[in-house]
Amino acid sequence: MKKRIRLHQLRTGMLVTELEWNGSAGTAPALPLLISSPLDVDHLMRAQVISVVIDTRRGADTGGAGRYAGGFSHVQFETDLLSKFSAREVENARQTIENTAPHVRRMLSDIRMGAAIQFEGASQTVESLMAAAGQNSAALIGLSRLKERDQVTFLHSIAVSALMIDFGRSLKLDEEAIHLLGIGGLLHDFGKMLLPRAILNKKGTLTEAERLLVRSHPLRGYELLKRAENMPQTVLDICLYHHEQYDGTGYPRGLQGAGIPRPARIAAICDVYEAMTTIRPYKRAWTQSEAIGFMLDSPGHFDPELLQNFVSRMVVGGVLA
Ligand SMILES: [Fe+2]
């Protein structure tokens, strides 16, 4: 059967038989094309291919799209996890979250009590996430997609940290840079802890005053982290600039393009992806494919080269299941 799909839906083993191509950039690949590695998708993206037609009788089909799009059940969630990971991988990931969660919860409640963040504590937490990365981080990110009401903040922090570690590894950054990305991912939203809970948990639309208060969280977090001894500039940059947008329409400073520190551009992608794919039992979740489709359709929001790398190395490359 012939099926038209977007590039981010391509997986290894698919056979591309037709292309929708704007024809002005790069070289169109010869057809039919068997996708044998993420590099093939990278090539199609660089050639500005818009969509492709795959032949599902002669190659792999899309699958899994649409999960959680309707209702939700814990059984379905567990079954889905076990279809992608071994029971041991899921158990290891669960263990990593259980070991890390108390430290993150303590840091979060310390902030609410007005205490300063200890850099060493955050650094150690990220070291255990780094040790888990490469072995069970995909399972960890998958497992942390499901968030009950009281788990949203700390699981988001842990998952964004793990995502940034993996993305940093896929970009072949050195271990020190990856460590800083992990700490930045863990602490990027801590400024939210200084906002009233009623606003963070509000179900309806925020008033203009509430919206401005929420938008103050990067600056509040930055000021909080700055008080900590030895807090590296990269971590401060991630916290302050993770809501900046590539075209200058973000906040708090409206920085543009390369004027936004690269670690913060990496954080913006991981933060939005993680938030969009989060499954909440009481709310419809975005599938991975929908989230990536939306991000690709948001020109100006993200660094285009980093987003392309995220899609080809993390999504198509199978780091994220
Ligand atoms: Fe944020």
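The values are calculated or read from the model by the stated rules, or taken from the named source; none is laboratory data. For clarity, every value in this text was computed on a predicted model and none was experimentally measured. Here Cβ is always computed from backbone atoms with ideal geometry, including for glycine, and neighbour counts include all displayed protein chains.
Confirm whether residue 246 is without any contact (Cβ under 8 Å) to a residue 60 or more places away in the chain and either outside the structural domain of residue 115 (by TED's automatic domain parsing) or within 13 Å of the ligand (Cβ to nearest atom) (or both).
Here the answer is no, as residue 246 does not meet what is asked.
Could you please give the count of residues in region 227-273 that are over 23 Å from residue 118 (Cβ atoms), surrounded by 21 or more Cβ atoms within 10 Å (Cβ to Cβ) and among the β-branched types (Val, Ile, Thr)?
Number satisfying all stated conditions: 3.
Would you say residue 180 is more than 16 Å from the ligand (Cβ to nearest atom) and more than 27 Å from residue 106 (Cβ to Cβ)? Outline the logic, then answer.
Values: more than 16 Å from the ligand (Cβ to nearest atom): yes; more than 27 Å from residue 106 (Cβ to Cβ): no.
So residue 180 fails the test.
In contact with a helix residue (DSSP H, G or I) (Cβ under 7 Å, 6 or more places away or on another chain) and modelled with pLDDT of 95 or more, is that true of residue 260?
Numbers: in contact with a helix residue (DSSP H, G or I) (Cβ under 7 Å, 6 or more places away or on another chain): yes; modelled with pLDDT of 95 or more: yes.
The answer is yes for residue 260.
Going by what's in this entry, would residue 251 be described as within 13 Å of the ligand (Cβ to nearest atom), outside any loop (DSSP other than H, G, I, E, B), of a type outside the set (A, V, I, L, M, F, W, C) and more than 16 Å from the chain's Cα centre (by Cα)?
no
Determine which member of the set 303, 237 is of a type outside the set (Ser, Thr, Tyr), within 14 Å of the ligand (Cβ to nearest atom) and in the same structural domain as residue 111 (by TED's automatic domain parsing).
Selected residue: 237, the only one of 303, 237 that is of a type outside the set (Ser, Thr, Tyr), within 14 Å of the ligand (Cβ to nearest atom) and in the same structural domain as residue 111 (by TED's automatic domain parsing).
Looking only at residues that are polar (S, T, N, Q) and at pLDDT 85 or above in region 125-159, which one is surrounded by the fewest Cβ atoms within 10 Å (Cβ to Cβ)?
Step by step, filter region 125-159, then rank; the result is 128.
Can you name the residue in region 190-230 that is within 16 Å of residue 107 (Cα to Cα) and touching a residue at least 60 places away in the same chain (Cβ under 8 Å) and, of all such residues, is farthest from the ligand (Cβ to nearest atom)?
Looking at the filtered set, the residue picked out is 229.
Which of the residues spanning region 52-64 are over 14 Å from residue 4 (Cα atoms) and modelled with pLDDT under 75?
64
Pairs please, first residue from region 287-315 and surrounded by 20 or more Cβ atoms within 10 Å (Cβ to Cβ), second anywhere and basic (Lys, Arg), Cβ atoms under 7 Å, 6+ apart in sequence or on different chains.
303/265
Need the failing condition index for residue 162 against (1) more than 18 Å from residue 99 (Cβ to Cβ); (2) at pLDDT 90 or above, just the number.
Failed condition: (1).
Just a yes or no: is a residue in region 271-286 of a type in the set (A, V, I, L, M, F, W, C) and in contact with a Ser or Thr (Cβ under 8 Å, 6 or more places away or on another chain)?
Yes, that holds for at least one residue.
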